[in-house]
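Just so it is clear, none of the values below were taken in a lab; they were calculated from the coordinates. If you're wondering where the values come from, they're calculated on a predicted model, not measured in any experiment. Cβ: placed from backbone, ideal geometry, glycine included. Neighbour counts: every protein chain shown.
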Amino acid sequence: MQPLVEAADLTKRFGDFTAVDQIGFSVAPGEVFGFLGPNGAGKSSTMRMIGAVSPVTSGRLRVFGLDPAADGRRIRSRLGVVPQDDSLDLELSVEENLYIYGRYYDIPRRQIRARIEELIDFAQLGERRTSRVDPLSGGMKRRLTIARGLINRPDLLLLDEPTTGLDPQARHVLWDRLYRLKQDGVTQIITTHYMDEAEQLCDRLVIMDRGRIVAEGSPRGLIEAHSTREVLEVRFPVGELEPAGPALRQVADRVELLADRALLYTSNADSALAETHRLGLRPESALVRRSTLEDVFLKLTGRTLVD
Amino acid sequence: MPLPGVLRVVEADAVVYRRVWKGSAFSSFVTPALFLVAMGLGLGSLVDRGAGAPGFEGLSYVAFLAPGLLVASAMQSGAAQGSFKVMAGMKWDRTYHSVVASPVGTGRLVGGHFIWTAIRMLMVSVIFGGVAAALGAISPVAALALAPVGMLIGLATAAPMTAFTANRENTEALTAVFRFGITPMYLFSGTFFPITQLPEWLQSVATVTPLWHAVELARRIALGHSSALPAWLHVGYLVLLFAVGVVLTQRLFSRRLNV
Amino acid sequence: MTTRTLTLRVLPPPLAGLRAQRLIERNMLVYKRAWMILVSGFFEPVFYLLSLGIGMGRLVGEVAGPGGTTVSYAAFVAPALLAASAMNGAVFEATINIFMKLRYGKIYDAILATPLRPWDIAIGEITWSLLRGVLYSTGFVVVMAAMGLVATPLAILAIPAAILIGFAFGAAGMAASTFMRSWQDFDLVMLFLLPLFLFSATFYPLDVYPPALRALVQLSPLYHGVELVRAFTLSSFDLGIIGHVTYLIAIGSAGLMVAGRRLRALLNP
């Protein structure tokens, strides 16, 4: 099957600053593809190039097999876009927002009316449909923005940081909506700096750092390839973490010392904890967990995702 | 009303104003100068050549216009202070909400708002008077004497306007008040021509507007014109409007802010 | 040959497949709720006309009109007020409203993610402000006729003249608003508009100005707008009309060009 998006040596520069540095990836129909990385990694710039609103500096990019430089309008007519800051039309009501966006895509009025019913239902905004956008909660606004992105029945939905700034409950509601879309076969590209979000939603993802792709694979595959099965997190009283470092290194395959805690990578965290105690170290608290994408990112870049 | 809290509010307004004063001061010099030259001297040259009107005997048009235009400008500034600035504090930037959350409280917020408005109106009127005197449209003494009248009409407009703005959610109603209240008042209250030029029913409407009272007062001071009504009545009417506006503002502010 | 390539051949690229009308649809949706604001805009110039025409009229008496005639002051000032209100309306729409959407609402960002292009937005917004202009200037010409201030049925040409003024100032204002950094810059716009309003032979004929200043007045685009409308309502048709029209079209086209280019740079970095 022909990929929906294909990039090779894709680069975006703003003056002297290189935001995206020769990246390559491809997105197949029906999959949910993720860009995981900290703020400033180049995710949003990549999304804007795919969305045919930001010109490519160099390299090759094809969306639906078309070149964004020549066929921007045709590409955009088949895309749905959910920008990070919603950018809803504050002067209009919930349903008017959906309606006028449908008109931007030249969809006949009657068809839009039918879709609005579906989408209001999908976004769970039935009670607020005639309300202005301004007083809606953050979660409602984001759901409306997603509904807006679906008004043209897009072949590909671009979601830039879909749950940033939402409370935990609103995030879970949103994940549920996105999962439904995936089941309906809507191809999605998602950027996020939350590793739990990437693990929950993405079939396949790339990890970006400073404009480059540092790893690619499924969430599980990346963890298996770059991390250990388990992780032991230990906290020490102020000033005792640094001196404990050398001893901790004897206990695990690999140790990361963060500002407030140490991460011990090992296949068996329980026995590592016992070994720690045997060495005479007395951590304030200890937590045994499975490896996550955060650990992969830390190993590959030496930094945490959210500073 | 303990004074120090009030002064905090005035100080906060002054700090904001200091950041934007250059543009604002520039336009408060340039605007009256342009108006006086264009209307007073330019249009005035046609008026002075013409037959004139009752109340004009031996008076150049620019001398007739200047005192009225001074108070009319103060009226417009007062309307702006009582509307968009209040809308910003109440809704757009919500600064009033944080003021009320501090020990300052609603009463002192209202007091501070009007003290600051009074200071601004005085500034606007003094600048206008200075420009008019420099153009020879008005005597320097009269220019100074008109400043309190400018302040009074500014406050008599700002106070009811503030009360009206206090519980608005958007600017639609404000736009209506400007279009159907402030602008017609500016145009028909005797600033540009004696209201005797108007049809009679409009004359009686004009005498109810605060601006007409201020214009009468200003001409009496600057030109020694006699007025149909005693001066204390003009002053009293404007003070009354201001007082009613303050009382309403106090009530509406506490209803909206102390929830 | 497909229809698409055919249109591309017939129309210059920015106009091919223009979807500016969608933006007008959007603005109509907004004003459906705020129609009062839309309608009330009509009254402002009418109030000015009543004040200056009736109130000042008797003080001023007769004024020298175009072509050596004398006309009543109301008939002299009315076309100028029509031109000035076309200017003010277009500039307000093109600066404050567009700035809001550009910097605060981010609406344009979201619109550009759809098939619409910066050109569609630029042309759509300007067309919208022109449509409002049609509404207001038609109303104003009707009021003028009712007051007996028009000399000929051809005064109806004042309506397209007002639209042309709106186009010139709307396009220039839109170009200016793409350079604005904050609200404070709007004071500059006001400071620029006020002398135009007051000194474009608006309130009295050109010969009232000192001779040295007359050439300066004639540089003002509003002067050409005022003279154009005046020629139509006072029935004074001469070659000067071509000059006025050319001047206004030149300013409008330059504004449109700059606005389109700047919008593209601002919105598609």
Taking placed amide H atoms and a strict 5 Å upper bound, the residues 5 or more places from A:Val20 or on another chain that come that close are A:Lys12
Cα-Cα P(r), the protein assembly as shown, percent of pairs per 10 Å interval: 2, 11, 17, 19, 17, 14, 10, 6, 3, 1, 0, 0
State, to one decimal in nm, how far the label point of A:Arg109 lies from the label point of A:Gln2, with both points 7 Å from Cα in the Cβ direction. 3.6 nm
What is the range A:35-153 by shape, rounded, prolate or oblate, if you read a ≥ b ≥ c off the alpha carbon gyration tensor as root eigenvalues and call it rounded for a/c under 1.5, prolate for a/b larger than b/c, and oblate otherwise? oblate
Which far-off residues, 5 or more places away or on another chain, put their amide H under 5 Å from the one on A:Val56, with H placed in the peptide plane? none
With θ set to phi - 60° and the Karplus curve 6.51 cos²θ - 1.76 cosθ + 1.60, what are the ³J(HN,Hα) couplings of the range C:51-59 in order, to the nearest whole Hz, using x for Gly and Pro? 5, 6, x, 7, x, 7, x, 6, 5
Karplus-derived 3J(HN,Hα) from phi for the range A:253-268 (6.51 cos²θ - 1.76 cosθ + 1.60, θ = phi - 60°), whole Hz, x at Gly and Pro, runs 5, 8, 10, 10, 9, 9, 4, 10, 7, 10, 10, 10, 8, 7, 7, 9
Cα convex hull of chain A: mean projected area in nm², to one decimal? 18.5 nm²
Theoretical FRET efficiency, 1/(1+(r/R0)^6), r = Cβ-Cβ of B:Arg94 and C:Phe179, R0 35 Å, to 0.05: 0.75
Equivalent ellipsoid semi-axes, chain C, via Cα gyration tensor eigenvalues times 5, rooted, Å: 35, 19, 18
Ignoring GluC sites (Glu not before Pro) buried by more than 13 other Cβ within 10 Å or outside DSSP loops, the longest site-free run in chain B is B:58-168
Using only the alpha-carbon atoms, how far is helix A:269-278 inclined from the longest principal axis of chain A? Give it as 0 to 90 degrees, nearest 10. 30 degrees
Figure the gain on full extension for A:Asp253 and A:Arg235 (residue separation times 0.36 nm, minus the Cα-Cα span) and round it to one decimal in nm. 4.6 nm
Non-local amide H neighbours of A:Leu156 (under 5 Å, H modeled in plane, Pro and chain starts lacking H): which ones? A:Gly80
Just tell me which aspartates and glutamates come within less than 13 Å, Cα to Cα, of A:Lys12; anything on the same chain fewer than 8 places away is out. A:Asp21
How tilted is helix C:184-198 with respect to the longest principal axis of chain C? Cα atoms for both, answer in degrees (0 to 90, nearest 10). 30 degrees
Please build a GNM for chain B, connecting alpha carbons under 10 Å apart, and tell me which residue among B:Leu41, B:Leu233, B:Leu223 fluctuates the most. B:Leu233
Which length gain, in nm to one decimal place, applies between A:Glu31 and A:Glu242 when the Cα-Cα distance is subtracted from 0.36 nm times their residue separation? 71.6 nm
In Hz, Karplus ³J(HN,Hα) per residue of the range A:149-164 (6.51, -1.76, 1.60; θ = phi - 60°; x = Gly, Pro): x, 9, 4, 9, 6, x, 7, 8, 10, 9, 10, 9, 6, x, 10, 4
Rounded, prolate or oblate: which fits the range B:3-257 when a ≥ b ≥ c are the square roots of the eigenvalues of the alpha-carbon gyration tensor, with rounded for a/c under 1.5 and prolate only if a/b beats b/c? prolate
Largest fluctuation, C:Ala78, C:Ala171, C:Ala64 only, Gaussian network model of chain C with Cα springs under 10 angstrom, belongs to C:Ala64
With each label point set 7 Å from Cα along the Cα-Cβ vector, what nm distance links A:Arg210 and C:Val30? 4.4 nm
Distance-filtered residues of the range B:149-173 - backbone nitrogen under 11 Å, label point 7 angstrom along B:Arg256 Cα→Cβ: B:162-171
Residues of the range A:281-301 with the amide nitrogen closer than 15 Å to a label point 7 Å from the Cα of A:Asp260, along Cα-to-Cβ, please. A:284-287
If R0 is 60 Å, what FRET efficiency do you get for A:Asn39 and B:Asp48 from their C-beta distance, rounded to 0.05? 0.30
Beyond a 22 Å Cα-Cα separation, which of these cross-linked pairs lie in this structure: A:Lys182/C:Lys106; A:Lys182/A:Lys299; B:Lys91/C:Lys101? A:Lys182/C:Lys106; A:Lys182/A:Lys299
Calculate how many DSSP beta bridges within the protein assembly as shown are antiparallel, expressed in % of all such bridges and rounded to the nearest 5. 65 percent
Förster-model FRET efficiency, 60 Å R0, A:Gln169 and B:Leu7, C-beta, rounded to 0.05: 0.85
